[in-house]
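The structure under discussion appears below in the form of structure tokens.
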Amino acid sequence: MMRKNSRIFSTEDARRQAKRRLPRLIFDFIEGAAGRETGSARNVSQFDNIMLQPRVMADVAQCSLATELMGQSYKVPFGIAPMGMCNLVHPKADTSLADTAKAIGFPVCLSSAASTSIEDMAGMAGSHAWFQLYFGASEEASLAMVDRARVAGYDTLVLTVDVPQVSRRVRDLRNGFTVPFAMTPSAFMDFATHPRWSLSTLAFGAPRPMNFTDSNGVNTFDRGASRSGADWAFLEALRGKWPGKLIVKGVTSATDARRIRSLGADAIYVSNHGGRQLDSVPPAISLLPLIREAVGPDFPLLFDSGIRNGEDIIKALALGADFVMIGRPALFALAAEGAAGLNALLKCFEAEISVVMAQLGVTSISQLGPNVVFDNAAAKGDGLEKTPRAALQLAAKT
Ligand code: FNR
């Protein structure tokens, strides 16, 4: 049911409601990360160390959030990151993501491990749907999935390369979280004490990974399987086979970025998987300027990991991203209030971007660069104007 007045004004509002509504097992699956979860926390806190430089008296009556990525126009500079099993948070999560992508005009990236099939998502989101590939049981099985995406009409493929093995996520291990579900006694208690979630989920049927069903209808998804087949040779094979846009996700090293670019990828997606893979990973936002420098000013870069509001989106765009993807906050909002919650949160992000642009004295996304990032070193020297390179190096160090 659509809520008339959303209670979501920030990611924190959505998270708080999601925590109340979801069984702990599910909430922990979303929020949890690798090891002690310090990498995940640093992704978020590092944004606080980046400050923006206000400018006054510019004519900012009209701000446009429109942007271009890989020759395509988008109404806003953000989309939804690939996330497996979204329908775990709300039975209509994938449908809501598709509807919202169409309504606002942004891309939604369907995970290989999604609770909706490649074909169904193409039907729901049309050209707004991208497909994210995990290397599967074999090269043949992986390329078969790519074929399905091509036949279904997808034009953008995202290859995720930062999950050679699924990392140890302590919350999931402790909770006995598996996909598909194993109904342990503690899971049963967890579901029983969250009846609203349990009843609505039961009514729609327990979500399953929908892209891994064999001809006998048996689900063959193995969450713990090695995905290390996504190597350099596979990227070359995939580039030869996939005629559309190819984005490589999970890149944090400038050296890797240069090599990926040389192998013909159309874009690089800078991400550390929200700290879900390596606890000691540097904050993704600190790596972004280094990768921008490595690939040059014009090569398309996407970014995620730690984005929690519109101001964070501005910072990522200023530090080298062309486009920003939203992860956990979208799932919290869906868990909290379904489609209305997702809409409310994304409207907050849009409004924040717009008012922050006005504060910075810019009216278009293309004006965002190191010029809007406060450079403490330059401020101590001969004023606030600085070279883009100096600002990028500063951001990388903080
Ligand atoms: C993910 N992520 C992810 N990435 C991917 O390439 N394929 C996938 O199937 C998934 N699945 C997934 C499930 C859940 C529950 C989460 C939270 C994340 C990673 C995702 O695309 C993105 O990189 C991170 O979510 C970004 O971090 P923040 O901003 O959410 O902290």
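Observations, loosely collected:
- Counting only protein heavy atoms and using a 1.4 Å probe, the accessible area of residue 67 comes to about 20 Å².
- Region 1-136: relative contact order in percent, alpha carbon pairs under 8 Å with at least 6 residues between: 16
- At q = 0.08, 0.09, 0.12, 0.14 Å⁻¹, base-10 log of I(q)/I(0) for the chain (Debye sum, equal scatterers on each alpha carbon): -0.40, -0.51, -0.93, -1.29
- Virtual spin-label span in nm between residue 192 and residue 165, 7 Å along Cα→Cβ: 3.7
- Rounded if a/c under 1.5, otherwise prolate or oblate - region 6-124, Cα gyration tensor axes: oblate
- Segment residue 92-residue 239, extension gain: residue separation times 0.36 nm, minus the distance between their alpha carbons: 49.6 nm
- Looking at region 1-74, none of the chymotrypsin sites (Phe, Trp or Tyr not before Pro) sits in a DSSP loop with at most 10 other Cβ atoms within 10 Å of its own Cβ.
- Solvent-accessible area of residue 311 with every protein chain in place, 1.4 Å probe, in Å² to the nearest 10: 80
- Estimated FRET transfer efficiency (residue 72, residue 376; beta-carbon r; R0 35 Å; 0.05): 0.45
- When each of the peptides 329-341, 262-274 is scored by how many other beta carbons lie within 10 Å of its residues on average, the order from highest to lowest is 329-341, 262-274.
- For the residues 261, 308, 42, a 1.4 Å probe over the protein chains yields an accessible-area ranking, largest first, of 261, 42, 308.
- Between the listed residues 189, 152, 14, the Cα displaced farthest toward the positive end of the dipole of the chain, a dipole computed from Cβ unit charges relative to the Cα centre, is found at 189.
- If you sort 363, 220, 160 by accessible surface, 1.4 Å probe, largest first, the order is 220, 363, 160.
- Accessible-area composition of the chain, carbon plus sulfur, in percent [1.4 Å probe]: 54
- Ratio Rg/Rh, restricted to region 123-204 and using Cα atoms, in which Rh is the Kirkwood radius: 1.09
- Percent RCO, i.e. relative contact order, over the chain, from Cα pairs under 8 Å lying at least 6 residues apart: 28
- Using a probe of 1.4 angstrom and keeping all protein chains present, the accessible surface of the chain works out to 43 square angstrom per residue.
- Centre separation in Å (Cα based) which lies between region 140-167 and region 225-281: 12
- Accessible surface of residue 140 - all protein chains present, 1.4 Å probe, nearest 10 Å²: 150
- Residue 59/residue 258 FRET efficiency (R0 56 Å; Cβ-Cβ; nearest 0.05): 0.90
- R0 of 30 Å, Cβ-Cβ distance residue 364-residue 5: FRET efficiency to nearest 0.05: 0.40
- Low-density loop cleavage sites - trypsin sites (Lys or Arg not before Pro) in region 170-253, where at most 15 other Cβ are within 10 Å (DSSP): 223
The values are calculated or read from the model by the stated rules, or taken from the named source; none is laboratory data. Just so we're clear, the structure is a prediction, and the values are computed from it rather than from any experiment. Because the Cβ atoms are built from the backbone with ideal geometry, glycine has one as well, and the counts that use them run over all protein chains shown. The protein model used for the area step is the full one, side chains on, heavy atoms only, and it has no ligands, DNA or RNA in it. Shrake-Rupley method; radii C 1.70, N 1.55, O 1.52, S 1.80 Å.
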